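Chemist: Quick one: the structure is below, questions incoming.
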Amino acid sequence: MKIIERYITRELLLPFTVVTVILIGLFVSFSVARFLTSAVTETLGTAAMFKLVGLKTIIALEVLVPIAFYVAVIYGLSRMNRDQEINVLRTAGYGDNRIIRTVFIIALPIAILSGILSVYARPWAYAESYIMDAQAEAELNTNRFQPGRFYGSEKSGRVIFIRGKDDLEKRMEGVFHYIRTTEDREIIISREGYQQPMTAEQWPHIELREGQIYRLSLDTIKDSAIRFEKMIYFNENDQAQNYRRKAASTRSLWDSEEPREIAELQWRLSRPVATVLLALIAVSFTRTAPRKDKTDRTFLVAALLFAVYYNLSGLAKTWVEQGVVTAIPGVWWVYGLLILIVLLRLPELRSLLPAGKQ
């Protein structure tokens with residue numbers, strides 16, 4: 001790599017690193033504050049909470065990395081333009097085409113990193129956080145309850161009491177579980193219950209042993225009582241399928257024809273494309289006169305453009321999930337718009353097109 005390329009690389013990667021660290025710090029701070037106000041810390045403990053924050057951060061990196069590089073390109077090249085360094089490079093024969101090519105070359109490994117995070121790291125992190133979230137949210141959870149106390153939830157209409165427990169064996173003794181619905185009341189009494197190990201394929205569940213189920217109907221005078229030797233109690237909420245789709249391997253999504261899974265696959269594959277196109281658009285925002293007021297306005301317009309892109313990409317994904325848009329064009333029409341913006345704002349790239357398409 002020549003001296004000029006190395007210099008531009010340093011001027012872009014340094015702010016990229018700084019912005020990435022700042023964004024990660026802000027995201028971690030926000031996540032810790034949110035988890036401290038929820039039941040996660042009480043249920044799983046502080047160490048598990050920080051692990052969950054780390055997993056959420058890995059998930060967010062697929063978005064934070066393109067943002068950080070977008071900002072870094074605008075900041076780095078704007079600084080060089082403001083200090084007249086771009087004009088010096090042009091005078092030395094290092095024209096705009098070569099600057100664009102250098103930015104593109106720098107963007108490629110960052111795009112590959114973004115793709116790896118999206119295709120491999122993100123599903124893994126979702127699978128791990130899925131298990132921890134499920135454990136924290138489970139109604140019957142040996143970590144949540146202390147013996148001899150009643151635990152109630154007005155939202156779910158449940159009251160739970162356990163006489164004793166063994167944390168090592170994940171065993172509860174003397175389980176009482178009251179459930180209120182709009183149609184009936186249900187009381188489950190069990191001698192003991194065991195919390196089964198959780199996996200990414202199965203929502204958390206409790207194995208209750210030697211108990212009775214009493215169902216008290218509100219509409220009729222006929223109630224029922226059932227004795228059981230063993231009962232598997234599941235508590236799966238509406239987020240289960242959503243988590244599982246996000247935690248699914250990219251290979252399994254590739255073979256699926258389900259609209260939601262197609263949308264998830266296209267979202268993952270679009271991350272590297274977005275990284276490169278946003279970097280090229282960022283180059284176009286640095287071509288202003290080296291004056292402070294224009295530089296400030298440039299950052300504002302660039303921020304607005306990114307906000308529009310991010311909302312459109314989320315909307316495109318939702319449309320594919322809901323079947324409003326088919327797999328083709330899927331989410332790719334958003335990136336077609338980005339390519340059009342790149343060609344309009346960087347006239348040098350139009351010379352690369354065939355004569356008939358210019």
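Chemist: So how many residues does the stretch 1-60 have that are modelled with pLDDT of 85 or more, surrounded by fewer than 17 Cβ atoms within 10 Å (Cβ to Cβ) and among the small types (Gly, Ala, Ser)?
Modeler: 3
Chemist: Now for a separate question. Please specify each residue of the stretch 276-296 satisfying the condition of being of a type outside the set (Ser, Thr, Tyr) and either modelled with pLDDT of 75 or more or under 17 Å from Val65 (Cβ atoms) (or both). Before you say what the answer is, go through the steps one by one.
Modeler: First, the residues of the stretch 276-296 that are of a type outside the set (Ser, Thr, Tyr): 276-283, 285, 287, 289-294, 296.
Scanning the stretch 276-296 gives Val276, Leu277, Leu278, Ala279, Leu280, Ile281, Ala282, Val283, Phe285.
Chemist: Only one of (1) at pLDDT 75 or above; (2) surrounded by 14 or more Cβ atoms within 10 Å (Cβ to Cβ); (3) within 25 Å of Glu128 (Cβ to Cβ) fails for Ser249. Which number is that?
Modeler: The one condition Ser249 does not meet is (2).
Chemist: So Gly336 ticks every box in (1) at pLDDT 90 or above; (2) surrounded by 14 or more Cβ atoms within 10 Å (Cβ to Cβ); (3) farther than 16 Å from Pro66 by Cβ but one. Which box is left unticked?
Modeler: Going through (1) at pLDDT 90 or above; (2) surrounded by 14 or more Cβ atoms within 10 Å (Cβ to Cβ); (3) farther than 16 Å from Pro66 by Cβ one by one, Gly336 breaks only (2).
Chemist: Can I ask one more? Scan Thr46, Thr57 and give me the residue that is of a type in the set (Val, Ile, Thr), under 23 Å from the mean Cα position of the chain (by Cα) and over 30 Å from Gly115 (Cβ atoms). Steps first, answer last, please.
Modeler: Details: Thr57 fails: over 30 Å from Gly115 (Cβ atoms).
Exactly one residue qualifies, and that residue is Thr46.
The values are calculated or read from the model by the stated rules, or taken from the named source; none is laboratory data. Predicted model only: the values in this text are computed from it and were never measured. Counting neighbours? That spans all protein chains shown, and the Cβs are built from the backbone with ideal geometry, glycine included.
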